[in-house]
Structure formats: C-alpha cells, structure tokens
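**Student:** To start, I am sharing the structure in question, which I have written as structure tokens.
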Amino acid sequence: MKVLITRPQRDAEALAAMLAARGIDSLIEPLSAIAFRRDGAEILTPLLAGAQAIVFTSANGARAFAAATTRRDLAVLAVGDATAKAARDAGFGTVASAGGNVEDLARLAIDTLDPPKGALVHAAGSVVAGDLSGALTASGFTVRRAVLYDATTSAALSAPTQAALSRDEIEAALFFSPRNAATFVRLATPLRDRCARIVAVGLSEAVAQPLGELPWRRIAVAPMPTEAALVATLHRNFETEPSP
C-alpha cells in the first residue's frame with residue numbers, strides 16, 4: 001500500500017518512517033512551506049512579560065518559539081501529543097498535552113490554570129484554526145497571540161504526486177488540517193477521477209469537510225484528532241475490505 005501524507009515536511013518524515021516500519025510505503029506532499037519570522041525575538045519579548053504559560057496549537061509553533069528565544073522557564077500546554085513532543089524536544093521541562101483539538105486545549109487551560117496568575121502566550125502561525133483565544137477570554141484569561149511563522153500554500157502538486165495519482169499508485173491519503181485538505185482539493189481537481197480509488201482519511205470532521213468536493217473511494221474520519229487515531233483509522237479501512 002502507498003499512502004500520501006499531506007503534512008509539513010518535518011512532521012511528515014517522522015510519520016513516513018513510522019509507517020515504513022509497519023510495511024507501508026508513503027509519498028510526502030507537504031502542500032505548504034513553513035517559514036519562521038525573522039523578528040520572532042522582537043515579537044515575543046514584550047508578550048512574555050508577566051505570562052504564566054505558553055500554549056502551542058502546532059509543533060511548528062513550538063519550534064518557532066524555540067528558534068526565537070532561549071526562554072524555557074514557562075509551563076507549556078500543547079494541543080496534542082506530537083506538539084507536546086516538539087516542545088519537549090525544544091527543551092521545555094513542564095509540558096502538558098490536551099491530546100486532542102483546540103477545544104480540548106482550551107479546556108485543559110481552564111481546568112489547570114488561574115487567570116489572575118498571568119497572561120497566556122499563544123505561539124502560532126499567521127493562519128490559525130479554531131477560536132482558542134475566544135474560548136479562553138470568555139473564561140477570564142488574557143491571551144497574547146505571537147505570530148512566529150508563516151505557512152505558504154503550494155501552487156501545484158509535485159511531479160511525483162501527480163505521477164503517482166496518474167498511475168493509480170496511491171491507495172490512501174492522510175489529511176491533518178482543513179487548509180491543507182482544501183488546498184489538495186483545489187490542486188487535484190484536474191486529476192479528480194483518480195481519487196475514486198483512494199481512501200481519504202481526515203484528522204477530524206472539520207478536516208474531512210473540504211474533501212467532499214472530490215469523488216473519493218470513501219472518506220474516513222479519525223475518532224479523535226490525534227496521529228495515533230488517524231493511523232488506526234487508516235488500518236481499519238484496509239482490514240475490512242480488499243483493495244479494488
């Protein structure tokens with residue numbers, strides 16, 4: 001089986017290695033390029049004053065924060081396990097994972113932190129999914145958003161991906177964000193008929209929603225917005241029915 005991974009290169013490589021260990025071939029199509037902002041240090045310095053914790057909604061947010069400052073003394077709340085791992089790899093000592101999505105992250109902050117103890121710094125990209133700030137502000141928190149990186153969407157599918165689609169080599173495609181799902185739909189439209197042989201697996205219902213524009217073999221949604229749940233969903237969809 002060959003799986004298309006639509007995820008930024010660094011995270012996709014780790015997932016591809018894990019799938020390879022299970023005997024699954026993969027092809028990486030990032031669909032976006034990540035660029036850390038050069039003025040990250042200047043952005044962060046005033047926002048960190050008096051803060052009690054940092055919230056990361058992506059692994060790239062953790063990496064961009066680490067690239068912009070040597071501060072590692074604040075507690076970290078991460079949206080999921082992969083983001084928490086990126087924070088620990090960057091040198092943070094106190095890291096808690098919400099193990100889910102933005103709503104789970106907001107709930108974790110509300111349950112474990114106290115608004116009067118200081119602001120929360122949200123290290124993020126120029127485009128964010130969900131309304132973390134709104135949920136936290138409604139519970140009395142002050143949220144300071146630090147835009148530390150940009151994600152530029154691809155203008156076309158790579159030649160290897162176009163070739164693999166044309167030859168019907170791809171049996172499944174993994175999608176991790178609504179933005180990348182929508183980008184794939186736009187770029188793959190000239191090859192839309194080839195999607196009829198592919199199972200699209202989305203990290204959540206929000207990710208799966210844009211995929212409905214293409215005639216997939218079927219669309220499967222992970223029961224929880226985690227990489228482990230998505231991979232388990234991939235396996236389930238190929239255990240119950242033979243390839244066409």
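The values are calculated or read from the model by the stated rules, or taken from the named source; none is laboratory data. Note that the coordinates shown come from a computational prediction; the quantities given were computed from them, not determined experimentally. Cβ: placed from backbone, ideal geometry, glycine included. Neighbour counts: every protein chain shown.
**Student:** Which residue is surrounded by the most Cβ atoms within 10 Å (Cβ to Cβ), if the candidates are limited to segment 107-133 and must be out of contact with any strand residue (DSSP E or B) (no Cβ under 9 Å at 6 or more places or on another chain) and among the small types (Gly, Ala, Ser)?
**Tutor:** By that ranking, first place goes to Ala129.
**Student:** Let me ask something additional. Looking only at segment 42-68, filter to residues that are hydroxyl-bearing (Ser, Thr, Tyr) and buried (at least 16 other Cβ atoms within 10 Å of the Cβ); which one of those is farthest from Ala12 (Cα to Cα)? Outline the logic, then answer.
**Tutor:** Residues of segment 42-68 hydroxyl-bearing (Ser, Thr, Tyr): 45, 57-58.
With the extra rule that they be buried (at least 16 other Cβ atoms within 10 Å of the Cβ), the set shrinks to 57-58.
Numbers: Thr57: 17, Ser58: 13 Å.
Among them, the one singled out is Thr57.
**Student:** Tell me, which helices (runs of 4 or more DSSP H) lie completely within segment 90-193 with 2 or more residues that are assigned by TED's automatic domain parsing to the domain that holds Thr69?
**Tutor:** 102-112, 132-138
**Student:** Something else now. Out of all the residues in segment 169-187, is one or more more than 23 Å from the chain's Cα centre (by Cα) and buried (at least 19 other Cβ atoms within 10 Å of the Cβ)?
**Tutor:** Within segment 169-187, the first condition is being more than 23 Å from the chain's Cα centre (by Cα), and the residues that meet it are 169.
Adding the requirement that they be buried (at least 19 other Cβ atoms within 10 Å of the Cβ) leaves none.
Among the residues of segment 169-187, not one is more than 23 Å from the chain's Cα centre (by Cα) and buried (at least 19 other Cβ atoms within 10 Å of the Cβ), which makes the answer no.
**Student:** Output the residues belonging to segment 115-136 that are more than 11 Å from Leu105 (Cβ to Cβ) and hydrophobic (A, V, I, L, M, F, W, C). Break it down stepwise before answering.
**Tutor:** First pass over segment 115-136, keeping only residues more than 11 Å from Leu105 (Cβ to Cβ): 115-119, 121, 123-129, 131, 133-134.
Correct list: Ala119, Val121, Ala123, Ala124, Val127, Val128, Ala129.
**Student:** Moving on. Which pairs turn up if I take residues in segment 19-33 that are exposed (fewer than 13 other Cβ atoms within 10 Å of the Cβ) and look for partners that are modelled with pLDDT of 95 or more with beta carbon separation below 8 Å, at least 6 apart in sequence or on another chain?
**Tutor:** Listed pairs, sorted by first residue: Ala20/Ser26.
**Student:** Here's something else I'd like to know. Run down Ala33, Ala17 and say which single residue is in contact with a strand residue (DSSP E or B) (Cβ under 6 Å, 6 or more places away or on another chain), among the hydrophobic types (A, V, I, L, M, F, W, C) and not in a loop (DSSP other than H, G, I, E, B).
**Tutor:** Numbers: Ala17 fails: in contact with a strand residue (DSSP E or B) (Cβ under 6 Å, 6 or more places away or on another chain).
Going through Ala33, Ala17 in turn, just one is in contact with a strand residue (DSSP E or B) (Cβ under 6 Å, 6 or more places away or on another chain), among the hydrophobic types (A, V, I, L, M, F, W, C) and not in a loop (DSSP other than H, G, I, E, B): Ala33.
**Student:** Another one. Can you pull out the residues in segment 55-69 that are modelled with pLDDT of 95 or more and farther than 16 Å from Arg37 by Cα?
**Tutor:** Correct list: Val55, Phe56.
**Student:** Here is a further query. Please verify whether segment 220-232 includes one or more residues that are crowded, with 18+ Cβ neighbours inside 10 Å, among the β-branched types (Val, Ile, Thr), modelled with pLDDT of 95 or more and part of a strand (DSSP E or B).
**Tutor:** So far as segment 220-232 goes, yes, one or more of its residues are crowded, with 18+ Cβ neighbours inside 10 Å, among the β-branched types (Val, Ile, Thr), modelled with pLDDT of 95 or more and part of a strand (DSSP E or B).
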